[in-house]
Amino acid sequence: MAILIIMPGRDSSALQQHLRKLAPGLDIRAWPEQGDPDEIRCAVTWNHPHGLLREFNNLTLIHSFGAGVDHLLQDNALPVDIPICRVVDPGLASQMCQYLQCIILNRRFAMQTYWQQQQEMLWQAAERVPGNSVGILGLGKLGEAVARSLVENGFTVHCWSRTEKQVNGIISHTGTHGLEQLAASADYLVCLLPLTAETRGILNRDLFLKMKPSAYLINVGRGGHLLEEDLVQALNSGQLSGACLDVTASEPLPASDPLWTAKNITITPHISSLSDPLVVAEQVLANYQRRLSGRPVENAVNRDLGY
């Protein structure tokens, strides 16, 4: 019996080391060095080649390397009778809170202007960017943690989710009308949604038209949430004042992509929150052992909901 790690383009050595340390003697393999496919019982994946998992006839568990599972659910050949689990890492929420506060506060204090002025050796005060309302799309574990941290730092926070939720200090919205209300009120619009059929392309021209021209977009969800051509047009025309993207439809973002040269945009390479390999190893091993002993797994994904 073996666990196979499938993470094309990513270094899985730390995850392998932690798994071997936690369970000495456990057979850990890294794709494409998979060996006999019938010996694979658990697959840990991130952006696996679609169709690959059907090669493993004795697979009993599919485990995402991170909190997101859209990379799995987009595989039309995914085995239908095998549980899928995701990672729930408290450290992801802390990182996301810090990243978003960094982006928002850097903008508020006009730090980009000061960085540019420094190159010119210019000592001159810039106006702070007004606006205190943050709209968050998605109120899952990450979204709620971010919302609470922003409220604690004096921001007015609106959240939009599939179902209405009651969280102290946070204004909740749901439905199409609720989305439009949130977009119209937001000085900063943050996308933290899971990527599903319903949320794909939710950041689009129609939504941007509902927003203030001074509003700033931050996407830390998935690249598929955003219609990138619509954003480029909105930025270059002044329909939106700026944007920060930590995720894009193609990763890494090609050098020829027009996002690179859009006005007032910041692009980071999907680093807003990174899974801790030790936490991943602990959760993968625990779910693998539950599966082998016939017990229910934890952090199981609802395929119908997409998360």
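At a glance:
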| read-out | value |
| --- | --- |
| Over region 90-267 - Rg/Rh using Cα atoms and the Kirkwood inverse-distance radius | 0.96 |
| For the chain, the longest site-free run once GluC sites (Glu not before Pro) in DSSP loop states with at most 10 other Cβ atoms within 10 Å are removed | 128-307 |
| Label zone at Asp81, where the point sits 7 Å out along the Cα-to-Cβ direction: region 19-43 residues whose backbone N lies under 11 Å | none |
| Computed over region 90-267: relative contact order in percent, which uses C-alpha pairs under 8 Å that are six or more apart | 15 |
| Between 0 and 90°, nearest 10: helix 277-293 axis offset from the chain longest Cα axis | 40 |
| Net charge contributed by nearby residues that have their C-beta within less than 14 Å of His173 (K/R +1, D/E -1) | +1 |
| Helix 175-185 axis, angle to the chain major axis (alpha carbon atoms, nearest 10°) | 50 |
| Dipole magnitude of region 164-254, debye to nearest 20 (Cβ charges: Lys/Arg +1, Asp/Glu -1, about Cα centre) | 140 |
| Region 181-234 and region 24-59: distance between their alpha carbon centers, rounded to Å | 37 |
| Difference of contour (0.36 nm per residue) and Cα-Cα distance, Asp38 to Glu164 | 40.8 nm |
| Theoretical FRET efficiency, 1/(1+(r/R0)^6), r = Cβ-Cβ of Ile267 and Val88, R0 41 Å, to 0.05 | 0.90 |
| Förster radius 51 Å - calculated FRET efficiency between Ser214 and Arg20 (Cβ-Cβ, nearest 0.05) | 0.45 |
| Under 13 Å from Lys141, Cα to Cα: aspartates and glutamates that are on another chain or at least 8 residues apart | Asp89 |
| Residues Val247, Val190 arranged by fewest to most Cβ contacts within 10 Å | Val247, Val190 |
| Theoretical ellipticity at 222 nm over the chain - DSSP helices of four or more residues, -39500 (n - 2.57) apiece, nearest 500 | -9500 deg cm²/dmol |
| Sequence-distant residues sharing a close amide H with Leu217 (under 5 Å, placed H) | Leu189, Gly242, Ala243, Cys244 |
| Eligible lysines near Lys212 by straight Cα distance, threshold 25 Å, same-chain separation 8 or greater | Lys263 |
| Helix axis angle, 13-22 relative to the chain longest principal axis, alpha carbon, degrees | 50 |
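Values quoted throughout were computed directly from the atomic coordinates according to the rules given, and no laboratory measurement underlies them. Computed from a predicted model, the values in this text were never measured in an experiment. Cβ atoms come from the backbone with ideal geometry, glycine included; neighbour counts cover every protein chain shown.
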